[in-house]
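Comments concern the structure below.
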Amino acid sequence: MGNHAAMTRRLSAFVLVLVVLVGALGYRLVDFQVVRADEIQEKSLERRSQTQILRALRGDILDANGEVLARTVFRYDVNAAPKNVGPVYRLEDGVRTEYSVEAIAMELAPLLGLTVEDLLAKLAGNSEYSSLARRVDSATYDQIKSLGVPWIYFDQLSDRLYPNGAVAGNLIGFVSSDGTPLAGLERQYNTCLAGVDGQETYERSAEGVRIPTSNITTQPTQDGGNLNLTIDSNLQFFAQQVLADTVDELNAQWASAIVVEVETGKILAAAEAPSVDPNNPAASDADNRGSKIIQFAFEPGSIMKAISTSMVLDTGTADEYDTVTAPDRLPLDYGEFIKDSFGHDDFELSLAGVLRYSSNTGIYGFGIQIDKETRYNYLQKYGFGSTTALNFEGESSGILHPVEDWTYSDNYTHLFGQGIAVTSLQMAYAYQAIANGGVRLDPMLVESCTSPDGELLYVPQQNATRVVSEATADLNLLLMEKVVEFGGVGKTAAVPGYRVAGKTGTAEIREGVGYGDRYAISFYGVAPVENPKFVVGVTIYKPEGVTNSAKATPPFKAIMSQALKHYRVPPSTTVSPDYIPSNRYGEPGA
């Protein structure tokens with residue numbers, strides 16, 4: 001009886017323990033499968049899941065005609081995890097078929113540019129990483145991916161390509177190997193061009209193999225916008241070729257040419273030599289990777305005289321018939337003097353004659369009659385002394401001293417282009433103002449930024465500044481036409497069939513406190529005079545052995561001729577009026 005009671009107690013205790021254990025296990029099961037199911041699944045997923053960046057495409061840079069100047073393409077590094085390498089199973093006609101590693105290697109090797117033996121060597125071992133190929137293109141990536149090899153994986157990269165090479169390279173800029181914009185429009189408009197990278201998660205099996213159906217995009221990519229330029233790549237290419245030949249011929253340090261559409265203020269070409277190829281910027285000296293048209297200021301010399309004559313006309317100081325006496329050497333106070341570039345008897349020069357003979361003493365005789373505050377205000381309205389609305393990185397403001405700081409010589413030297421420094425951009429738009437009825441427009445280099453699907457994201461604002469009256473501008477253009485009609489050097493800038501106005505410039509280059517023996521030669525001009533379409537400005541810096549502007553007119557003529565032809569501008573049907581006195585005595589033509 002006692003044994004039976006003891007046995008009953010032991011059985012009851014066992015049953016109790018069993019009930020407790022079952023209850024505890026049940027509780028844990030409910031806890032795991034119901035209460036904490038989401039938490040446990042999340043932790044499990046964390047151990048299995050991987051995250052990778054989905055690279056966004058950087059936007060294109062396009063010329064005025066939609067020609068691609070810069071674009072981004074994806075490249076792919078192809079990798080494998082040797083420890084996971086094994087046969088690949090494919091479902092073919094409903095039958096699960098096994099392919100050996102050797103068979104897969106025979107498919108992969110030609111796509112990777114490897115021999116089968118070399119590929120098998122890369123797949124051998126127990127490591128988790130082996131590089132099979134770097135930076136394969138998208139077509140190769142698609143072919144490899146279509147093979148469905150689970151132990152192959154990819155790292156996505158991007159390459160910035162410049163299909164036209166050095167065309168507009170000095171404006172476009174370039175990016176680093178990791179896609180960081182380093183210069184030019186690439187950096188200035190990075191907000192437009194740069195996309196937003198996305199993220200993707202996926203799961204790996206216990207063996208470390210990616211599970212194909214597990215991809216989840218946690219953050220979608222946003223591709224960058226397209227930057228649409230005003231540059232015409234065909235005209236740009238032509239101008240760069242002309243300048244490259246010019247620099248070679250003259251052994252110049254550099255040369256530049258800018259083409260501006262008068263009515264719109266659009267820059268159609270901004271060419272430089274030497275130029276930079278953004279595909280390989282390291283091949284160019286650092287000094288040649290930017291835009292000297294925008295970033296480099298120089299004393300302009302006599303191309304400034306066309307600005308000075310417009311001030312004289314606009315203030316009513318003189319008209320086209322008035323003359324001044326212009327000696328070849330004019331003594332001034334404080335022992336200073338002004339001289340012309342050639343010896344001559346005293347001339348009686350009209351304003352057109354001053355431009356035709358490029359007389360320093362003549363422009364002094366007219367311009368000094370205008371008070372310096374008025375002249376300073378005109379120079380400011382023409383855009384000198386300040387950067388433009390382009391906001392191009394490193395843009396130079398040039399040099400225009402405040403009028404209260406003008407020295408004795410500052411009071412007159414700017415009239416013939418000394419004591420003031422300008423960029424080619426500033427000078428081109430001063431001439432644009434004269435060609436545009438006296439209204440200077442803000443330069444335009446960027447037309448817009450648009451999204452990949454064409455939505456307009458950004459359009460630059462353009463302001464207009466009235467500089468001189470329309471009557472002044474039109475008359476001044478006729479004075480400038482006499483330079484090309486009768487000027488010794490200016491005649492070589494003539495374009496057959498078209499009326500052309502312009503001005504030569506030969507500027508000494510400052511070295512230290514004085515001037516050296518090298519020059520910056522220029523020709524800036526407008527055509528056709530009766531209905532101005534284009535301003536073309538050419539500057540050649542430090543040509544060897546050159547002391548006048550005669551070598552600046554051939555590139556001007558070539559580029560202006562190409563612009564007129566390219567845009568199908570009809571030839572002129574009118575002629576220069578003969579009532580503009582242009583010879584030394586203020587009488588018509590000679």
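Key figures for this structure:
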read-out: Helix 470-486 axis, angle to the chain major axis (alpha carbon atoms, nearest 10°); value: 80 degrees
read-out: Alpha-carbon centroid distance for the pair region 303-330 / region 98-125, whole angstrom; value: 82 Å
read-out: Peptide ranges 276-289, 488-501 listed from the most packed, as the mean C-beta count within 10 angstrom indicates; value: 488-501, 276-289
read-out: Using a Förster distance of 41 Å, the FRET efficiency for Phe342-Gln295 (Cβ separation, nearest 0.05); value: 0.75
read-out: Correct option for mean projected area of the Cα convex hull in nm² [calculated from the coordinates] among (1) 79.2; (2) 44.8; (3) 29.9; value: (2)
read-out: Acute angle (nearest 10 degrees) that the helix 2-30 long axis makes with the longest principal axis of the chain, alpha-carbon atoms; value: 20 degrees
read-out: Value of [θ]222 nm, deg cm²/dmol, for the chain, DSSP H segments ≥ 4, -39500 (n - 2.57) each, nearest 500; value: -9500 deg cm²/dmol
read-out: Simple spin-label estimate for Asp197 and Asn531 in nanometres, 7 Å along Cα-Cβ; value: 5.4 nm
read-out: 3J(HN,Hα) from dihedral phi, region 337-343, Karplus parametrisation 6.51/-1.76/1.60, rounded to Hz, x for glycine, proline; value: 8, 10, 9, 7, 7, 9, x
read-out: Using a Förster distance of 51 Å, the FRET efficiency for Arg134-Gln461 (Cβ separation, nearest 0.05); value: 0.70
read-out: Ala124 paired with Asp442, simple spin-label distance in nm, labels 7 Å along Cα-to-beta-carbon; value: 6.7 nm
read-out: Percentage relative contact order, the chain, counting C-alpha pairs under 8 Å, at least six apart; value: 14 percent
read-out: Region 242-283-region 521-566 distance, computed between alpha-carbon centres (Å); value: 13 Å
read-out: Entries of Lys339/Lys551; Lys266/Lys339; Lys339/Lys565; Lys482/Lys565 with Cα pairs more than 32 Å apart; value: Lys266/Lys339; Lys339/Lys565
read-out: Cα-projected label distance for Asn411 with Arg90, points at 7 Å along beta-carbon direction, nm; value: 9.1 nm
read-out: Interchain or long-range residues, amide H under 5 Å from Gln199's placed H; value: Leu54, Thr218, Gln219
read-out: Helix 37-48 axis, angle to the chain major axis (alpha carbon atoms, nearest 10°); value: 60 degrees
read-out: Sorted by Cβ neighbour density within 10 Å, fewest at the top, the residues Thr361, Thr317; value: Thr317, Thr361
read-out: Under 17 Å from the Cα of Lys381 - aspartates and glutamates, other chains or at least 8 residues apart; value: Asp314, Asp371, Glu373, Asp442, Glu470
read-out: Full-stretch length increase - Lys372, Ala282 - with 0.36 nm per residue and alpha-carbon distance subtracted; value: 27.7 nm
read-out: Least to most buried among Arg71, Arg58, Arg329, Arg584 (fewest other Cβ within 10 Å first); value: Arg329, Arg71, Arg584, Arg58
read-out: Alpha carbon centroid spacing (whole Å) that separates region 441-484 from region 384-426; value: 20 Å
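Quick note: the coordinates plus some simple rules give every number you see, no bench work behind them. Keep in mind that what you see is a predicted model, and the values were worked out from it rather than measured. Every residue, glycine among them, receives a Cβ derived from its backbone with ideal geometry; neighbour counts consider all protein chains shown.
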